[in-house]
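Taking it in order: structure first as structure tokens, then the write-up.
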Amino acid sequence: MHIIVTGSHGFIGTHLCKHLELQGHTIEAWDTKLGKDINDFPDKPKGDLCIHLAALADIKKSFENPDVFWQQNVVLAKKVFDACANENIKVIYASSSACLGWWMHPYAISKYVNELVAPTDSVGIRFSTVWGDGANPVTLVEKIKNKNLQYVTTHTRDLIHVSDVVTAIQTIIDNDIQGIVDCGLGVAIKISDLVAFNNIDVPVVEGENYELDSNTLSSTTLRQHGWSPKVNVMDEKLCN
């Protein structure tokens, strides 16, 4: 297949494109790192499938620049959705477990609106907290790896490895799935337990009131189609 991938050189996109290329697909990569901004996404794209991953994903920054998040995550996503719908190209797009509390911050609102305006035959994947090689160094697991934590919160998190995200997307490609699909490990891991497991001793504090206490996802639809996650962040230590 000819597959358009926006955010192709981001964290998830990098892993996904490598996988799809090994499967023999032709990738049309869209990423600002290539000088290809989705502002310039064509009105009449050519392809068999579009996987839309390009987005801003930082809760705190969404409070600082809500208009920027709206433009990137809603306006430009709608541009991609409409262009693909007009050419009968199915879209798989990145949503977020933040939609479980969509009213809590501008980032969650932007991803929830994505789900409302997406084409009817599209698939929105609500990822839980994705981790793995190439993740942003400010994310929880990367801070644990680098022993760069000052404190941990009382939250629990569903931590899904990027390799399991890739196989989830492959499962969607291989099956006639539509609508909103959860993609998580399905396990509520206490952040304080994860940090202690990795022999890091930092204070435990209350989390921010704009964050979900837990983002655990059962991933029922994916599991019904034979997918199951293989990597658990508690299987082995992240750092020495």
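The values are calculated or read from the model by the stated rules, or taken from the named source; none is laboratory data. Just so we're clear, the structure is a prediction, and the values are computed from it rather than from any experiment. A quick note on method: Cβ atoms are made from the backbone with ideal geometry, for glycine too, and the neighbour counts reach across all protein chains shown. The accessibility values were calculated without ligands, DNA or RNA, using every heavy atom of the protein model including side chains. Shrake-Rupley method; radii C 1.70, N 1.55, O 1.52, S 1.80 Å.
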**OP:** Report, ordered by chain and residue number, the lysines lying within cross-link reach of K36, taken as a straight Cα distance under 28 Å and ignoring same-chain residues fewer than 8 apart.
**Re:** K18, K44, K46, K60, K61, K78, K79, K90, K111
Subject >> Electrostatic dipole magnitude of segment 109-240 [Cβ: Lys, Arg +1; Asp, Glu -1; Cα centre; debye, to 20] >> reply: 240
Subject >> Calculated SAXS-style log₁₀ I(q)/I(0) at q = 0.17, 0.19 Å⁻¹ - segment 1-73, Debye, Cα scatterers >> reply: -0.67, -0.80
Subject >> Pairs of alpha carbons in segment 158-240 whose separation is greater than 19 Å (percent) >> reply: 48
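Within segment 154-230, which GluC sites (Glu not before Pro) sit in a loop by DSSP and count at most 11 neighbouring Cβ atoms inside 10 Å? All intermediate terms of the calculation are to be shown ahead of the outcome.
Values: sites: E206, E208, E211; in loops: E206, E208, E211.
Answer by residue number: E206.
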Original post:
How are the C-alpha pair distances of the chain spread across 5 Å bins, as whole percents from the shortest bin up?
Top reply: 1, 6, 14, 18, 20, 17, 12, 7, 3, 1, 0
Original post:
What is the packing order of peptides 35-46, 57-68, taking the mean over residues of other C-beta atoms within 10 Å and listing the highest first?
Top reply: 57-68, 35-46
Original post:
Which percent of Cα pairs goes in each bin when the distances of segment 97-240 are cut into 5 angstrom slices starting at zero?
Top reply: 2, 10, 17, 20, 20, 15, 9, 5, 2, 0
Original post:
Carbon-plus-sulfur fraction of the accessible area of the chain, 1.4 Å probe, in percent?
Top reply: 48
Subject >> Set of segment 95-116 residues, backbone N closer than 14 Å to the point 7 Å along the Cα-Cβ line of K78 >> reply: 110-116
Subject >> Local net charge near M234, Cβ-Cβ under 14 Å (Lys/Arg +1, Asp/Glu -1) >> reply: 0
**OP:** Provide, for q = 0.11, 0.14 Å⁻¹, the log10 of I(q)/I(0) from a solvent-free Debye sum over equal Cα point scatterers in segment 109-182.
**Re:** -0.39, -0.60
**OP:** Write down the percent of antiparallel bridges among all DSSP beta bridges whose residues are both part of the chain, to the nearest 5.
**Re:** 5
Original post:
Could you give the Stokes-Einstein D for segment 41-158 in µm² per second, using the C-alpha Kirkwood radius, 4 °C, 1.567 mPa s?
Top reply: 83
Subject >> Label-point gap, in nm, between D58 and M234 - each point 7 angstrom along Cα→Cβ >> reply: 3.1
Subject >> Two-site FRET efficiency, T120 against D193, from Cβ-Cβ distance with R₀ of 35 Å, rounded to 0.05 >> reply: 0.30
Original post:
Considering only the other residues whose Cβ falls under 12 Å of the Cβ of H155, what net charge follows from Lys and Arg at +1 and Asp and Glu at -1?
Top reply: -4
Original post:
If you project the alpha carbons of segment 192-240 onto their three principal axes, what span does each projection cover, largest first, in Å?
Top reply: 41, 32, 10
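Calculate the dipole size of the chain relative to its Cα centre from +1 charges on Lys and Arg beta carbons and -1 charges on Asp and Glu beta carbons; express the result in debye to the nearest 20.
220
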Subject >> T220 paired with V205, simple spin-label distance in nm, labels 7 Å along Cα-to-beta-carbon >> reply: 3.8
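Given contacts defined as C-alpha pairs under 8 Å and at least six residues apart, what's the relative contact order of the chain, whole-number percent? Mind showing how you got there, number by number?
Details: 454 pairs, mean separation 42.1, N = 240.
Across the chain, relative contact order equals 18 percent.
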Original post:
Where the centroid of each part is defined by its Cα atoms, how far is segment 70-104 from segment 123-200 in Å?
Top reply: 21
Original post:
So for L222, L34, what's the accessible-area order with a 1.4 Å probe, most first?
Top reply: L34, L222
